[in-house]
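K.L.:
Supplied in structure tokens, the structure appears directly below.
Any read-out appearing in this document is the output of simple, stated calculations on the displayed coordinates, not a laboratory observation. The shown structure was predicted, so the numbers you read here are calculated from the model rather than taken from an experiment. Note that we place each Cβ from the backbone using ideal geometry, even for glycine, and neighbour counts take in every protein chain shown.
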Amino acid sequence: MKKYTNTGSKDTRSGFGAGLTQLGKTNSNVVALCADLTGSLKMDEFKENHPERFFQVGIAEANMIGMAAGMTIGGKIPFTGTFANFSTGRVYDQIRQSVAYSYKNVKICASHAGVTLGEDGATHQILEDIGLMKMLPGMTVINTCDYNQTKAATLAIAEYNGPVYLRFGRPKVANFTQEDQTFEIGKAVHLQEGNDVTIVASGHLVWEALIAAETLNEQGLKAEVINIHTIKPLDNKAILNSVSKTRCIVTAEEHNFLGGLGESVSRVLAENTPTPQEFVATKDTFGESGTPAQLMEKYGLNAEAIVKAALKVIARK
């Protein structure tokens, strides 16, 4: 069984900041817009190095999206930054009309997603944003798992022509993917080979899936673990190839089980090869205040929950 090492816990939002800083040096067309959360989005260094390419719009997220859409007409590549709740729910109309409908090259970068926003509570935690964004025609949806992958994704989306929703988080989490990785949009990453159960995970749940796989291995069960960093376009081939061996699957995500990664996988299975599936996700609920660890445990978003789901779905084969 392949072992992955946590090289030091880091927050994924800092991976975004590092990627944006690098883009500032290498791509003069990249501009950044922020809705009064420069520090929280780790956009400070870009602002300091390129003040002429940084726009602080204040608490006016709808205006920020409209400005970003307009900037693309002049060949700029705008990266917008605010919390995931305000990046999507607050400005959905502007994203739909000004960005997605006209296929503008805007990169909507959203931090503090999911319940791991923690103590700020339900009004700031969003668990339906992936569903909102993936249903927009032409929108690419990415949910990264650690610092290194978030940095790589930030660099990659600058080279991609089209609207992108990049989702990442607030807390420090295990940093275990390669530092020099090449991020391929729409290409899943196989982390473990196995033939008893497929576990596909996204975002903060990828590391938890690896921990779950170790626990299952101790019980004599080999789990195949796949990092689905791109929700849309989904790597259908990777999912179908895996379930052809395992004949059952667990999907794990820090998102509502309605509308997220799990439902996208269900569609692929229903259209091609109906397969037993279990969902590790929030169950149609809002979050609440608490530490990230407390909330992940309460809502069943951890390795223990993935193990339980795996054992359940294996029994259904």
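K.L.:
Using the count of nearby Cβ atoms within 10 Å as a rough guide to exposure, how do 130, 73, 185, 249 rank from fewest to most?
P.N.:
73, 185, 249, 130
K.L.:
How far apart, in nm, are two points set 7 Å out from the Cα along the Cα-to-Cβ line at residue 317 and at residue 48?
P.N.:
Spacing of the two 7 Å Cα→Cβ label points: 5.4 nm.
K.L.:
For segment 271-296 and segment 68-97, compute the distance between their C-alpha centroids and round to whole Å.
P.N.:
Cα centroid to Cα centroid, the span is 27 Å.
K.L.:
Using 0.36 nm per residue of separation minus the Cα-Cα distance, give me the extension gain between residue 181 and residue 120 in nm, one decimal.
P.N.:
18.7 nm
K.L.:
Taking loop as defined by DSSP and a crowding limit of 11 other beta carbons within 10 Å, which trypsin sites (Lys or Arg not before Pro) in segment 219-274 fit?
P.N.:
Within segment 219-274, no trypsin sites (Lys or Arg not before Pro) qualify (loop, at most 11 other Cβ atoms within 10 Å).
K.L.:
Oh, and also: In percent, what relative contact order does the chain have, based on Cα pairs under 8 Å that are 6 or more apart in sequence?
P.N.:
18
K.L.:
Given only helices, namely DSSP H runs of n ≥ 4 each adding -39500 (n - 2.57), what is the per-residue ellipticity at 222 nm of the chain, to the nearest 500 deg cm²/dmol?
P.N.:
Counting only the DSSP helices, I get -11000 deg cm²/dmol.
K.L.:
Considering only C-alpha atoms, what is the centroid distance from segment 11-33 to segment 130-191, in Å?
P.N.:
About 14 Å separates the Cα centre of segment 11-33 from the one of segment 130-191.
K.L.:
Another question, if that's okay. Quick check: residue separation of residue 5 and residue 222 times 0.36 nm, minus the Cα distance between them. What number comes out in nm?
P.N.:
76.2 nm
K.L.:
Using a basic spin-label model with each label point 7 Å from the Cα along Cα→Cβ, how many nm lie between residue 56 and residue 96?
P.N.:
It works out to 3.3 nm between the two label points.
K.L.:
If I model a spin label at residue 267 and residue 161 as a point 7 Å from the Cα along the Cα→Cβ vector, what separation in nanometres do I get?
P.N.:
2.6
K.L.:
Using only the alpha-carbon atoms, how far is helix 261-272 inclined from the longest principal axis of the chain? Give it as 0 to 90 degrees, nearest 10.
P.N.:
With rounding to tens, the tilt is 60 degrees.
K.L.:
Which of rounded, prolate, oblate describes segment 10-173, given a ≥ b ≥ c as roots of the alpha-carbon gyration tensor eigenvalues and a/c under 1.5 marking rounded, otherwise prolate only if a/b is larger than b/c?
P.N.:
Rounded, since a/c falls under 1.5.
K.L.:
Continuing with this model, one more query. Taking the Cα centre of the chain as origin, work out the dipole magnitude from +1 charges on Lys and Arg Cβ and -1 charges on Asp and Glu Cβ, in debye rounded to 20.
P.N.:
Once rounded to the nearest 20, the dipole reads 600 debye.
K.L.:
With an 8 Å cut-off on Cα pairs and a minimum separation of 6 or more residues, tell me the relative contact order of segment 10-173 in percent.
P.N.:
30
K.L.:
Sticking with this structure for a sec: Counting other beta carbons within 10 Å of each residue's own, what order do 96, 316, 167 fall into, fewest first?
P.N.:
Exposure proxy ranking, most exposed first: 316, 96, 167.
K.L.:
What FRET efficiency comes out for the pair residue 193/residue 28, r = Cβ-Cβ distance, R0 = 45 Å, nearest 0.05?
P.N.:
It comes to 0.55.
K.L.:
Next question, about the same structure. Can you tell me the relative contact order of segment 189-315? Whole percent, Cα pairs under 8 Å, sequence separation 6 or more.
P.N.:
Answer for segment 189-315 is 30 percent.
K.L.:
Just list whichever of 2/25; 222/298; 232/298; 237/317; 76/232 have alpha carbons separated by over 32 Å in the model shown.
P.N.:
2/25
K.L.:
Related question: Which percentage, to the nearest 5, of the DSSP beta bridges contained in segment 10-173 is antiparallel?
P.N.:
10
K.L.:
Return, ordered by residue number, the residues of segment 262-284 whose backbone nitrogen is under 19 Å from a label point located 7 Å along Cα→Cβ of residue 240.
P.N.:
262-277
K.L.:
Can you give the angle from 0 to 90° between the axis of helix 61-73 and the longest principal axis of the chain, with both taken from C-alpha atoms, to the nearest 10?
P.N.:
That works out to roughly 80 degrees.
K.L.:
With everything on Cα atoms, drop me the angle between helix 147-159 and the longest principal axis of the chain, reported from 0 to 90° to the nearest 10.
P.N.:
50
K.L.:
So, with +1 on the Cβ of K and R and -1 on the Cβ of D and E, and no other charges, what is the size of the charge dipole of segment 10-173 about its Cα centre, to the nearest 20 debye?
P.N.:
For segment 10-173, the charge dipole is close to 340 debye.
K.L.:
For 133, 1, 67, what's the fewest-to-most ordering of other Cβ within 10 Å of each Cβ?
P.N.:
By the 10 Å Cβ count, ascending: 1, 67, 133.
K.L.:
Write down the percent of antiparallel bridges among all DSSP beta bridges whose residues are both part of the chain, to the nearest 5.
P.N.:
Of all bridge pairs located within the chain, approximately 15 percent are antiparallel.
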